[in-house]
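The values are calculated or read from the model by the stated rules, or taken from the named source; none is laboratory data. Note that the coordinates shown come from a computational prediction; the quantities given were computed from them, not determined experimentally. Here the Cβ is made from the backbone with ideal geometry for all residues, glycine too, and neighbour counts use every protein chain on show. What goes into the accessible areas is simple: the full protein's heavy atoms, side chains included, and nothing from ligands, DNA or RNA. Shrake-Rupley method; radii C 1.70, N 1.55, O 1.52, S 1.80 Å.
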Amino acid sequence: MTDMPPLADLVWARGYTDPAWARRHTMSGRELVPSRGVWRGSGAASALPATPPGALDGLAFTGPHGQSLTLPELLAQAETDALLVLHRGTLVHEQYLHGYEPHIPHFNASAAKSYLGLLAAVLAHEGQLDRGARVAAYVPELAGTAFGDAQVDHLLHMGTRMSYAGRPYDKALEAQRYFAVLAPQLRPYGYTGPTTIREHLATARATGEPGLEFRYENGNVEALAEVLRRITGTTTSALLSAMVWSRIGAEEDAYYVLDADGAEAACGGFSATARDLARLGEMIRCGGAIGDRQIVPEAVASTIVSGAPNGYPRRAPFPGSPATLSYHDLWWIPNDPYGSFMASGIHGQCLFISPALDLAIVHYGSQVVSPAVPHVPLVRAFLTIGAHLRG
């Protein structure tokens with residue numbers, strides 16, 4: 001296949017280090033590739049009771065260099081597009097910047113991985129998915145690949161080691177190659193590589209025994225998404241709608257971007273409004289329930305933190321975090337005193353849930369990603385907010 005450094009250079013130079021470029025692409029995925037809606041259902045939107053504004057006024061936050069920042073200063077450094085804070089089910093802060101509006105779906109990037117992990121955990125709890133089964137048992141076409149020869153649980157914990165198409169593995173470059181699979185507009189001249197996610201996965205070969213160490217790689221999530229499609233006989237969009245989105249009182253349809261085969265980009269192609277993502281977070285915080293309606297099993301929602309299995313190392317470095325994090329069922333776990341966990345994506349997309357702090361926070365952003373730009377410590381800021389609200 002044609003070498004692709006020009007593509008990587010383009011994205012690093014124009015996308016990761018240019019907030020305006022990043023903002024266009026975090027808010028307009030449907031302009032690049034086809035998409036499929038995640039139906040909100042036919043019911044009324046659930047209420048989001050709100051307090052008067054000002055709950056976070058006067059708070060001091062720690063900035064990237066240890067300096068003290070006000071909330072507006074912090075959000076400016078984070079290139080924030082939206083910040084929603086739910087405390088005990090009440091909306092205590094809702095803010096939109098850079099032209100973003102409450103009804104507009106925003107790209108979630110890799111935060112989408114966690115939503116697929118939630119679906120997988122529910123199906124496993126119900127006995128429809130065997131965590132210990134080889135992936136090829138569900139998707140025979142992946143036999144002989146790094147993903148097909150791994151167990152489902154290895155995918156849920158980023159436990160595979162692979163290389164694609166015989167080339168040395170490079171995380172940043174492989175991310176750009178994945179974008180080229182999805183979007184013809186991002187392919188360099190003369191591109192002859194895979195044009196669908198399934199074709200891309202088929203080129204993966206194991207470079208080590210699965211289950212021995214953590215390596216964050218999109219292919220694990222795409223292989224898992226294909227497993228879920230096979231066992232349920234439906235699309236990722238329809239599955240998320242049926243199991244979650246149509247049951248949480250969402251105001252708007254969400255959507256996934258699609259590859260040329262019509263398969264959802266499950267590892268990062270999901271978009272939703274901040275309000276609806278807050279509803280999802282609040283449901284999980286409340287043990288999988290909304291009022292007296294159980295949306296996902298309590299045993300799934302309450303063990304995202306405590307259910308991480310023993311075995312290979314589950315901890316990994318995370319930008320802006322003072323320590324390593326654990327990882328379970330595609331959720332990040334900060335290992336703080338409050339049992340917090342989060343879905344997190346590039347450029348500042350985050351759903352942060354903290355049961356002990358009665359907190360669910362949605363942050364959408366267009367942060368630059370560059371060694372020259374310090375990472376804004378949002379997790380620390382979320383904990384500051386939670387401690388303040390708890391009193």
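Values as computed for the structure displayed
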item	result
Rough spin-label spacing in nm, given labels placed 7 Å along Cα→Cβ, for ALA242 and LEU212	3.9 nm
Nearest-10 value in Å² for the accessible area of CYS286, using the 1.4 Å probe	60 Å²
For VAL38, distant residues with modelled amide H under 5 Å away	ALA254, TYR255, TYR256
ALA137 paired with GLN67, simple spin-label distance in nm, labels 7 Å along Cα-to-beta-carbon	5.6 nm
Neighbourhood net charge (14 Å Cβ-Cβ; Lys/Arg +1, Asp/Glu -1) for ILE385	-1
Accessible surface, the chain, averaged per residue in Å² (probe 1.4 Å)	38 Å²
Calculated FRET efficiency for the pair GLU251/ALA387, C-beta based, R₀ 41 Å, to 0.05	0.85
Accessible-area composition of the stretch 206-295, carbon plus sulfur, in percent [1.4 Å probe]	46 percent
ARG30, ARG161, reordered so the largest accessible area comes first (probe 1.4 Å)	ARG30, ARG161
Pairwise FRET efficiency - SER163 versus SER370, Cβ, R0 = 25 Å, nearest 0.05	0.45
Theoretical FRET efficiency, 1/(1+(r/R0)^6), r = Cβ-Cβ of ILE231 and THR192, R0 30 Å, to 0.05	0.35
Sequence-separation-based contact order of the chain, relative, with Cα cut under 8 Å and 6+ spacing, percent	26 percent
